[in-house]
1. Tally the residues that are more than 8 Å from chain B (Cβ to nearest Cβ) and loosely packed, with under 15 Cβ neighbours inside 10 Å, restricting the search to the range A:133-151.
2. Can B:Ala88 be described as within 18 Å of the chain's Cα centre (by Cα), among the small types (Gly, Ala, Ser) and assigned to a helix (DSSP H, G or I)?
3. Report the residue count in the range A:105-132 for those that are within 14 Å of the chain's Cα centre (by Cα), surrounded by 15 or more Cβ atoms within 10 Å (Cβ to Cβ) and aromatic (Phe, Trp, Tyr).
4. So, B:Gln68, is that one of a type outside the set (Val, Ile, Thr) and without any contact (Cβ under 8 Å) to a residue 24 or more places away in the chain or not?
5. Given the conditions (1) over 13 Å from A:Ser89 (Cβ atoms); (2) surrounded by 16 or more Cβ atoms within 10 Å (Cβ to Cβ); (3) within 8 Å of another protein chain (Cβ to nearest Cβ); (4) hydrophobic (A, V, I, L, M, F, W, C), and given that A:Ala180 satisfies all but one, which numbered condition is not satisfied?
6. Whether any residue in the range A:95-109 is more than 14 Å from chain B (Cβ to nearest Cβ), at pLDDT 95 or above and closer than 18 Å to A:Ala72 by Cα is what I want to check.
7. Taking the conditions exactly as written (of a type in the set (A, V, I, L, M) and farther than 21 Å from B:Gly159 by Cβ), does A:Val59 satisfy them or not?
8. In the range B:67-89, is there at least one residue being under 24 Å from B:Val11 (Cα atoms) and not polar (S, T, N, Q)?
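The values are calculated or read from the model by the stated rules, or taken from the named source; none is laboratory data. A quick note: this is a predicted structure, and the numbers were derived from the prediction, not measured. Positions of Cβ are backbone-derived with ideal geometry, glycine not excepted, and every protein chain shown enters the neighbour counts.
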2 protein chains.
Amino acid sequence: MPRARLSTAGVVEVALAVIDEQGLEQLTLAAVAARAGVATPSLYKHVASLAQLRSLVGVRVMEDMAEQLTLAVVGRSGDDAVASLMRASRAYVLRHPNRYAATPADPLHDPATQAAGYKLLQVFLAVLRAYRLDDSAAIHAIRCLRAIMHGFTSLEAAGGFGLPEGLDDTYEQLVQMFIASLPHP
Amino acid sequence: MPRARLSTAGVVEVALAVIDEQGLEQLTLAAVAARAGVATPSLYKHVASLAQLRSLVGVRVMEDMAEQLTLAVVGRSGDDAVASLMRASRAYVLRHPNRYAATPADPLHDPATQAAGYKLLQVFLAVLRAYRLDDSAAIHAIRCLRAIMHGFTSLEAAGGFGLPEGLDDTYEQLVQMFIASLPHP
DNA sequence: CAGCGAGGCTAATGGCGTTAGCCTTTTGGC
DNA sequence: GCCAAAAGGCTAACGCCATTAGCCTCGCTG
């Protein structure tokens, strides 16, 4: 294989850099090409379309998150694990404010993002396993958890809360609120 | 004023129709012009740019929501009012799944959307007033409320939850979770 | 060393936002 | 009633972007 200055993974990497620096809406094939030092149409040798690049970026971010979140919960269980998962999620979004917006809203509906979506879902399921919820209760609990985390982090990343003051406290309140809603023996 | 087939308000109205039918990302001056039976550049007589149209649409949606939410809470107070506000918010998003995504993430930072943002904020503040929270506690509570509602409704509107089955129950669980976190005498 | 294919390029097309400049219709003041 | 002014429409044109087609060349493989 000749002249492999670029690869699919490399293009995704450059795309992440563009997103980090300029935001999701500035993710453009032209911007990626410029940053990679390449003509725009050359990208099509590695990526089928802008839509596919977006999808690949989404997968990459979800895999990244799954890895980091897993690290945050290993060796913990119960309330401790739940709190740690929630804090780690927020921390990830704060570290890469623009990346979270690149994750698809419904990864499970698209074959291209399904696997990464399940990988992420598994982490959440694992953390709730200790509570021995029945199927229905587990579904409700995981939806609540996702809603709370998505709501807070996406508002925070978008600057949706007026002042950043005291946001740690607010989030901690949400963490405790959710934990309190879980069944404790 | 001559030949007023169109007006700023009219353009916004058409934009809402486009958003309702084709989604936020399809809100394009070309689409609005086509639907209004007018050439694209003609829109500039009523609207300064696509960005401004987006902003106007956001304002329009926030005002709409503020009105509907107000209707949902008048004559109620305490837990009753909170539950009603939360249910009405979700109902609005379900009725116009695409409109909610058109509201700016941080309306208070932009003079053009500030007023509508405060209008909406007032409804939430009013509902929490009965709990006599001190300033700090009120801020935390309102942030929690927004995070929960935004998280759930935006995920639901985007099809982020696998099956729509049992979503009413999940949301009700969130409503009770939040209410339980408020101080009760 | 020959050739073939991966990986780059330029040129061209179509959709979009936006600007400039023109033309007509309406209307407010005389 | 009339006339100027301007509101509100239009076409033409530009630049940016995604995408496609077709070419060229490097560098590995036989």
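1. Matching residues across the range A:133-151 total 2.
2. Spelling it out, B:Ala88 is indeed within 18 Å of the chain's Cα centre (by Cα), among the small types (Gly, Ala, Ser) and assigned to a helix (DSSP H, G or I).
3. The total comes to 1.
4. Judged against the criteria, B:Gln68 is not a match.
5. (2)
6. yes
7. no
8. yes
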